[in-house]
Amino acid sequence: MTRRRSSYRSLASLQRDLSACRACVEAGYPLESLPVRNVFTGQRAYMYGQAPGIVEGEERRPWRGRAGGTLRRWLQLDEEEFYATFYCASVTRCYPGRASSGRGDRTPTPREQELCAFWREWELEILRPTLIVPVGGLAIKRLLGISGLASCIGCRYERDGATVIPLPHPSGASGWLNLAANRRLTERAAGLVREALARFQG
Ligand code: SF4
């Protein structure tokens, strides 16, 4: 049974409740994994993806599949550095299953996105990250209210005291990365993230 407190003071208690969350299943949605979560080890940056894929759902860890490898390559981080740097979250946290069309994974419905926003809001309240990286169109829309990758990839925003630098989804499923101009925007955006991370360490 899903438990949500009226407030959270620590990430440990939030993660305990998050890891057992079944709010979408209780609302009638057919999820195919338990929530994927990221052990908190003091990360100061927050990565916000769309939804876990099948590999992440099985392992219950974020960015384990091929897209995660591409993301790490863009950011020039090995696995250890990546997970030590980013607390990884997503618009929804459970593998949503395949799309009924048979092509790719199902996009979480607006209701599932709303149900899961509860966890993001409390994570941001507790973590207060200095850098937020939304990855992919859906995450960018949820976090910044911006539609369309071309208008925001390569740009930097401020939100509640954090720098926000959007990246496209590294899976390439949308085809947006097929255009050379868009790959250049992605290089610029990844460079902005690397610069922001270097400032943390400086
Ligand atoms: S997607 Fe989010 S809100 Fe829905 S069951 Fe999973 S953790 Fe809970």
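Quick note: the coordinates plus some simple rules give every number you see, no bench work behind them. Predicted model, so just to flag it, every value in this text is computed and none were measured. Cβ sites come from the backbone with ideal geometry, for glycine too, and all protein chains shown count toward neighbours.
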Note to self: Please state the shape class of the range 134-202: rounded when a/c is under 1.5, otherwise prolate if a/b exceeds b/c and oblate if not, all from the C-alpha gyration tensor.
What the structure shows: oblate
Notebook entry, point to check: How do the peptides 168-179, 1-12 rank, highest first, by the average count of neighbouring beta carbon atoms within 10 Å per residue?
Noted result: 168-179, 1-12
Item checked: Charge context of residue 12, other residues only, Cβ under 13 angstrom, K/R +1, D/E -1 -> +2
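At a 10 angstrom cut-off on C-beta neighbours, averaged per residue, how do the peptides 14-22, 77-85 rank from highest to lowest? Show your work: numbers first, answer last.
Working: 14-22: 17.4, 77-85: 14.8.
Taking the mean over residues of other Cβ atoms within 10 Å, the ranking is 14-22, 77-85.
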Check: When all C-alpha to C-alpha distances in the chain are sorted into bins of 10 Å, what percent of pairs does each bin hold, rounded to whole numbers?
Finding: 9, 37, 39, 14, 1
Next item on the list: Determine the percent antiparallel among the DSSP beta bridges restricted to the chain, to the nearest 5.
Entry: 25 percent
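Which FRET efficiency value, to the nearest 0.05, do you get for residue 41 and residue 103 by plugging their Cβ-Cβ distance into 1/(1 + (r/R0)^6) with R0 = 25 Å? Present the calculation step by step, with values, prior to reporting the outcome.
Working: r = 36 Å, r/R0 = 1.46.
The formula returns an efficiency of 0.10 here.
Is the range 1-91 best put as rounded, prolate or oblate by its Cα gyration tensor, with a ≥ b ≥ c the root eigenvalues, rounded for a/c under 1.5, and otherwise prolate when a/b is larger than b/c, oblate when not?
Values: a/c = 2.68, a/b = 1.39, b/c = 1.93.
In terms of gyration-tensor shape, oblate.
Where does the chain land at 222 nm, in deg cm²/dmol rounded to the nearest 500, when only DSSP H runs of n ≥ 4 count, each adding -39500 (n - 2.57), divided by all residues?
-12000 deg cm²/dmol
Give me the net charge of residue 128's neighbourhood, meaning all other residues with Cβ under 11 Å from the Cβ of residue 128; Lys, Arg count +1, Asp, Glu -1. Each step should come with its number before you reach the end.
Working: positive: 44; negative: 123, 125, 160.
So the surrounding residues net to -2.
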Check: Once the piece of chain linking residue 58 and residue 174 is laid out straight, how much longer is it, given 0.36 nm per residue of separation minus the C-alpha distance between them?
Finding: 39.4 nm
